[in-house]
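Here, each number is a calculation from the coordinates, and none is a lab measurement. Just so it is clear, the model here is predicted, and its values are computed rather than measured. Every residue, glycine as well, gets a Cβ built from its backbone with ideal geometry; the counts of neighbours run over all protein chains shown.
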Amino acid sequence: MAVTLKEVAARAGVSRSAVSRTFTPGASVSPKTRAKVEAAARDLGYLPNALASSLTTGRTKLIGLISNNFHNPLFLEVFDLFTRGLQEKGLRPLLVNLTDETDPEAPLRLLRQYSVDGVVVASSTLPPGFARRFREADMPVVHAFGRLRTAPAVDVVGIDNIACGRMAAETLVARGYRRVAFMGGPEEATSTQDRLEGFRTALAAHTDIAVSHSFAAAYSFEAGRREMLRLVGEGPAAVYFCGDDVLSIGALSALDDSGLSVPGDVGLIGLNDMEMAGWQNIDLTTIRQPIPEIVSASIRLVCTMLEGEGHVPQAHVFPCEIIERGTLRALP
């Protein structure tokens with residue numbers, strides 16, 4: 001049987017309200033009473049009931065963590081960092097799987113039922129209006145990996161996907177490629193749109209370079225593999241900016257099955273620098289997205305909002321860098 005607050009009070013020789021105040025952050029209790037209560041709790045093995053505490057404080061310490069791409073192994077890394085980081089702050093993540101939904105109303109109702117204290121939308125594909133709906137419902141919200149905008153309606157923490165598209169294009173030009181292509185994720189995804197925009201803009205001045213683009217059905221290994229098999233059947237470009245590491249790894253599999261070598265016949269560059277990209281049998285050249293820094297900043301913002309301080313939403317942008325491995329030809 002779990003030790004009760006009443007038993008701790010009896011052991012410490014204090015009232016039950018004194019025990020409750022001892023384990024309520026910010027509540028008033030004398031040092032002498034606190035010491036007696038904590039000693040009694042240790043002796044009895046008492047742990048405060050989090051649900052009961054929420055009734056007293058009006059705070060559940062639950063943070064809704066919403067995502068819509070569980071097929072991408074990158075998000076295992078993201079969820080690991082978010083869940084550990086929130087727990088270290090004394091907060092409890094409540095994971096919400098959107099699958100392929102883009103309507104915020106169902107997750108909003110769910111999170112209201114659990115009286116969450118805040119929300120993190122962890123997605124690079126959802127439109128800005130999705131996270132904004134939670135703020136309109138008076139929920140503190142941060143959009144991690146979201147689309148950057150000036151004067152955003154909610155805090156957005158992530159990278160400049162347009163700049164990443166330019167970075168990929170400039171890298172391919174510097175290596176002397178003249179038939180280049182973009183293979184993105186879903187066409188409607190904001191990250192796909194922005195990465196393609198930056199890629200095409202940077203190549204517009206290079207009239208001697210042939211540029212094409214296509215889209216995979218999802219940010220997943222199988223979608224990347226299927227799309228690359230289709231492209232190989234039509235005659236592949238010399239190099240592809242795949243717009244995501246997991247798409248690149250799917251493309252790498254398709255090229256290998258088609259008897260084409262990388263980077264000898266076809267070059268590849270991804271984006272994210274997920275752990276798998278550095279495996280010896282993959283060795284993917286990619287653009288590193290600083291995921292740990294983005295997650296840490298998102299958690300700090302949630303904590304700031306929970307403290308109730310005045311807060312103006314901002315775009316928090318982190319720089320990216322090229323990680324050189326083995327799927328592009330060497331620089332001249």
dims of region 161-288, Cα set, principal axes, largest to smallest, nearest Å -> 35, 27, 26
Taking amide hydrogens as modeled 1.01 Å from N in the peptide plane, which residues meet the under 5 Å criterion relative to LEU95, leaving out close sequence neighbours?
LEU65
Can you tell me the length gained on complete extension of the stretch THR304 to ALA174, counting 0.36 nm per residue apart and subtracting the Cα distance?
42.5 nm
Check: C-alpha center region 270-332 vs C-alpha center region 132-211, spacing in Å is 14 Å
PHE241, PHE221, PHE70 arranged by Cβ crowding within 10 Å, fewest neighbours leading:
PHE70, PHE221, PHE241
Taking only the alpha-carbon atoms of the chain, what semi-axes of the equivalent ellipsoid follow from 5 times the gyration tensor eigenvalues under a square root, in whole Å, largest first?
49, 20, 16
For SER115, put the label point 7 Å out on the Cα→Cβ axis and report which residues of region 60-82 keep their amide N under 19 Å from it.
60-65
Amide H of LEU62: which non-local residues (sequence gap of 5 or more, or other chain) have their own amide H closer than 5 Å, using H built in the peptide plane?
ARG92, ASP117
Which value at 222 nm does the chain reach when only helices count, each DSSP H run of 4 or more adding -39,500 (n - 2.57), with the total divided by all residues and rounded to the nearest 500 deg cm²/dmol?
-13000 deg cm²/dmol
How do 253-266, 154-167, 272-285 rank on mean C-beta neighbours within 10 Å, highest first?
154-167, 272-285, 253-266
Given an 8 Å cut-off on Cα distances and at least 6 residues of separation, report the relative contact order of the chain as a percent.
15 percent
